[in-house]
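Below is one structure, written out as C-alpha cells; comments come after it.
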Amino acid sequence: MIRSIRPFARVGLLAFLWLATLTACETTKRSFPEVNAPDDPNATSRHQLEATSKQIAQANDSDGKVKFIVPREQLSLAFIRQFNDGTVIDKTVIRKVQEGKEAPVYYLVGMGLRDGMFRAMAIPLQTSTDNSLYLASNAARYIITGVGCTFCFFNFEKNQIVGTTCEENTGGSSCDLRVVDNNNLFQRR
C-alpha cells in the first residue's frame, strides 16, 4: 500500500513545486514593471522637444478683458522659477498687442526686480478659435534687464517684440533685451 501511495506523493510533490515556482515567477513579474525600450533611440529626446501647452486665460472680444484661469500668484512663482537668478516677480499681466487690422497677439508678462534692477519676461500666447489663451513650451521668452532704468517698455512692430525702451533717458541707462527659445514656465509632469 505504501508503494502505491509513492507515485501519487511524487506527482503531488511535483505539482506543489510547480505551483510554488509559478506563483514565485508571477510575483516577481508584478514587482518589476515592464518598460519597453523605444525602437528609436532618439524618441526620448524628441518627446522632450515636443511642445506642450497649458490654458492660461480666456479673452473676451466684447469688452477686451482677459479672465485668468491660472491664478496670478501661480504665474508669478512660475516666472520666478523660470528666471532662476533671484528675480522676484510681483506683477503678472496679459497684454494684447494689435497693430492695424492684423489679428491680435497676447503676451504673458511677468515684471519685478533683481538687485534693484527692473526685470521683465514676456512670452507670446497662442489663441484658439474660442479665444482661449494657451502658453506653449516652445514659445520664445523675451527677457528685459534694466540698467539704471526704473521701468522698461517692450517695443512692438507688426505685433512682435522687436526691442525695448527705458522710461527715463538719463545718461548710462539702458534696457537690455535677450530672446531665448522655449520656456519651461510649466514643467512637464
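Things to note:
- Within the shell defined by Cβ-Cβ distances under 9 Å, the residues around Leu113 carry a net charge of 0, with Lys and Arg each +1 and Asp and Glu each -1.
- Taken one residue at a time, the phi angles of region 94-106 give Karplus couplings (6.51, -1.76, 1.60, θ = phi - 60°) of 10, 10, 8, 10, 9, 9, x, 9, 5, 4, x, 10, 9 Hz. Gly and Pro are set to x.
- In order along region 130-139, the phi-based Karplus estimate (6.51 cos²θ - 1.76 cosθ + 1.60, θ = phi - 60°) of 3J(HN,Hα) comes to 9, 6, 6, 10, 10, 9, 9, 5, 9, 6 Hz; Gly and Pro are listed as x.
- When peptides 173-179, 139-145, 96-102 are ranked by their average number of other Cβ atoms within 10 Å per residue, the highest-first order is 139-145, 173-179, 96-102.
- Relative contact order for region 56-141, counting Cα pairs under 8 Å that sit 6 or more residues apart, in percent: 24
- Computed FRET value (nearest 0.05) for Asn60 with Phe156, which takes r as the C-beta separation and R₀ as 22 Å: 0.50
- Convex hull volume of the C-alpha atoms in region 53-139, normalised per residue: 105 Å³.
- Put a dot 7 Å past the Cα of Ile69, heading toward its Cβ, do the same for Asp85, and the two dots end up 3.1 nm apart.
- Start at zero, step by 10 Å, and the Cα-Cα distances of region 78-189 spread as 14, 44, 32, 9, 1 percent across the bins.
- Environment charge at Lys158 (Cβ cut-off 11 Å; Lys +1, Arg +1, Asp -1, Glu -1): -3
- Residues with amide H under 5 Å from that of Ala140, placed H, sequence gap 5 or more: Asn182
Each value in this text was obtained by applying a stated rule to the coordinates, not by laboratory testing. For clarity, every value in this text was computed on a predicted model and none was experimentally measured. Cβ sites come from the backbone with ideal geometry, for glycine too, and all protein chains shown count toward neighbours.
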